[in-house]
Each structure stands twice: as C-alpha cells, then as structure tokens.
Amino acid sequence: MSKLLTALETAEWLKERDSFLLITHRRPDGDTLGSAGALTQALREYGKTVYVLFNKEITPRYSKYIDDCIAPDDFIPDNVITVDIASVDLFPDNAKSYANNISLCIDHHGSNTMFASNTCLNQERASCGEVIYDILTEILDYTISPVVAERLYVALSTDTGCFMFGNTTSNTLRVASLLVDAGAPIKTLNKELFRTKARSCIKLEGLLNTGLEFYFDGKVAISSITKAMIETTKATEDDMDNIAALPGAVEGVYIGITIREMTSPEDCKISVRASAPYDANEICSKFGGGGHKTAAGATVQKTVSKIKEDLLKVLEDMF
Ligand SMILES: [Mn+2]
C-alpha cells in the first residue's frame, strides 16, 4: 500500500532526506521534464544531491531544461522519485529496474496506480508542475528562483496548451502569474513553445488535415499517422509533440482521436482529446490505457485500420 502524502508532508519528507534520483516518463513531455528539471534545481539550491535518470527520448525542444540534471552512470541514489508518472508501464526501459523501489511518486493523474511507497497526488491540478509548486512553497525557507520558475512554467504551459485546454484552472493561472513574478521569461517561452513550428511539422500537419475523417455527425474526428507519412515529411518527435490536438481543433468536434503507427504497423498509439460530456479516459480505458477526462492515451498492438474499427464500435455506444 502506498502512503498518501500532502504537499506539506512531501516537503518535510524531502527536507529529511538526501541523494535523489528522479524518473521521467516515456515519450517525455514538457510537464514531466519541466517538473523534473525544476525539482532538481530547487533541491540543489536547497543543498541536496539530485539527478534525473537519462531518458533517451528527450527532444531538443526540452533538453535545455534538463541537460544539467542528468545523472552520471555511477550515481547510486538513496531515494528514487517519479514525476508525472501514473503507472510503471510508463517507465522508460532504463528505469524498469527501479520499479519496485520508488520512494516517492509526485503526480496529478487520476489513473495513478499507487506503485510507490509514498505518493503525493493531486488530480485537481492541471499539471505535475503545479504539484511541484505546491510542495516547494511548503518549504518555508526556500524561495523559487528564476531557473525553477522557468522550468515550472514549461510544465504548466505545455500540459494546458498554453492555458487553453479544458484542464486549466484558476490555480494554474494563479501559479503561472506567481512564476512570472519569480522570473519565468514568458515572452521567450511562449514564442518558442507555442508560436514556432518547424517546416517538417507544417508539412505533416498538412497531410493530417487533408486526411481527417469525420464520424457521428462530425462530433468525432480521427487522424491517422503512418510511418510513411513521418518519413516523407521528415517529421521529428518534437514536431509531433502537440499533434494529438489537431483533430479536436475542427469546429463541431467533441472527440479528437489520433492513431499513430509506432515501431511497426501492429504497434500503435492512440491519443484521445475530448470535451464534455465525453470522457477521453473512459474511451482509452477500453484499450488498456488511461489518462484524464480531457486527454488520454493507449498503446495497442493492432493495425491502424483495425483500431479505427474497434474505436468506432466503442463510440457507437456513446452516441
Ligand atoms: Mn502531466
């Protein structure tokens, strides 16, 4: 059984201990990396030894927020902490050996499986970065530095689509404004993260826009990304960072679904974005995945066309 800790108890827990290794999730996003980079920096400023386990899927977009945190190969931690990870299935391969030995899990996913000895979970928070913020502000003799503010802003802003997704709360905006006061350079960050796209990204989006399929009176849009499309456009992981939001951006669409071929035609990732009354987590749980009401995902060992068939059957029951 995992022990649930409040933000205050987590702050105390961290103060009493030292020598931490942080783990980020597979296909790391701005939230897991920004959270890990911020917590590492803050605890180092507080005098602790902290590193982040190397994650081979870190993309150039986020590397600058995490590069100075990466653990040397010979680092043996006393405490292993996960950030923004709902279950051990989301561990990168090189983190699997720690799976039964996680001292603390810091997360905001309602689907968290309580795999750690201690868990600081707040599913009211839009991002793990906000949970980290809650914890850091409970360390009374610590003040958030500009570097920590910048990294937390990366976490908050990316998990909320620059504060535009339905998960954004007054708390998200309040914390963001406090991060601006603490020195987060929002002009640069917003331009880099939300108003700049590589040419390869624009090309892939062009293909996906053309290929969009609509169902149930246009309430559902499905986008399929094949390996061939990725190869012809030379799209990178970075380019596809926010691609799951694309079908949901069409007028009248309540459920936007992206099916992407991963390592082989029979290895696909489904990403679902939904707005009320529909529930993305409910849809993805039918495929062994999960997440939030507004955004969820699953990995399925079937072809794109078979998954589409299965999805339409699940959706039929909802419409
Ligand atoms: Mn997150």
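Brief remarks on what is shown
- Selection status of PHE115, touching a helix residue (DSSP H, G or I) at 6+ places or on another chain (Cβ under 9 Å) and among the hydrophobic types (A, V, I, L, M, F, W, C): yes
- The residues in the stretch 223-278 that are surrounded by fewer than 18 Cβ atoms within 10 Å (Cβ to Cβ), over 17 Å from the mean Cα position of the chain (by Cα) and over 18 Å from SER305 (Cα atoms) can be counted, and the count is 11.
- Looking across the stretch 73-128, just one residue is hydroxyl-bearing (Ser, Thr, Tyr), farther than 16 Å from ASP29 by Cβ and crowded, with 20+ Cβ neighbours inside 10 Å, and that is THR119.
Here is a yes/no grid of residues against (1) within 20 Å of ASN55 (Cβ to Cβ); (2) over 20 Å from the mean Cα position of the chain (by Cα):
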site: SER97; (1), (2): yes, yes
site: ASN112; (1), (2): yes, no
site: SER127; (1), (2): yes, no
site: ILE132; (1), (2): yes, no
site: ILE135; (1), (2): no, no
site: ALA149; (1), (2): no, no
site: TYR153; (1), (2): no, no
site: ASP181; (1), (2): no, yes
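- Index of the failed condition, LYS96 passing every other in (1) among the charged types (D, E, K, R); (2) within 16 Å of the ligand (Cβ to nearest atom); (3) part of a helix (DSSP H, G or I): (2)
- Answer from LEU204, LEU178, LEU193 - the residue that is touching a strand residue (DSSP E or B) at 6+ places or on another chain (Cβ under 8 Å) and not basic (Lys, Arg): LEU204
- Which numbered condition THR113 fails, given (1) within 16 Å of the ligand (Cβ to nearest atom); (2) touching a strand residue (DSSP E or B) at 6+ places or on another chain (Cβ under 8 Å); (3) not aliphatic (A, V, I, L, M): (2)
- The stretch 126-174, residues that are under 14 Å from ALA184 (Cα atoms), more than 16 Å from the ligand (Cβ to nearest atom) and assigned to a helix (DSSP H, G or I): PRO146, VAL147, VAL148, ALA149, GLU150, LEU173, ARG174
- Among the residues of the stretch 178-233, the one identified as among the aromatic types (Phe, Trp, Tyr) and closer than 30 Å to LEU152 by Cα is PHE194.
- Any chance ASN100 is on the phi < 0 side of the Ramachandran plot and either free of Cβ contacts under 8 Å to residues at least 12 places away in the same chain or of a type in the set (Asp, Glu) (or both): yes
- Residue satisfying all of: in the stretch 231-261; assigned to a loop (DSSP other than H, G, I, E, B) and of a type in the set (D, E, K, R); nearest to GLY161 (Cα to Cα) among these: ASP241
The numbers here are math on the coordinates, done by the rules we state, and not lab data. Just so it is clear, the model here is predicted, and its values are computed rather than measured. Here the Cβ is made from the backbone with ideal geometry for all residues, glycine too, and neighbour counts use every protein chain on show.
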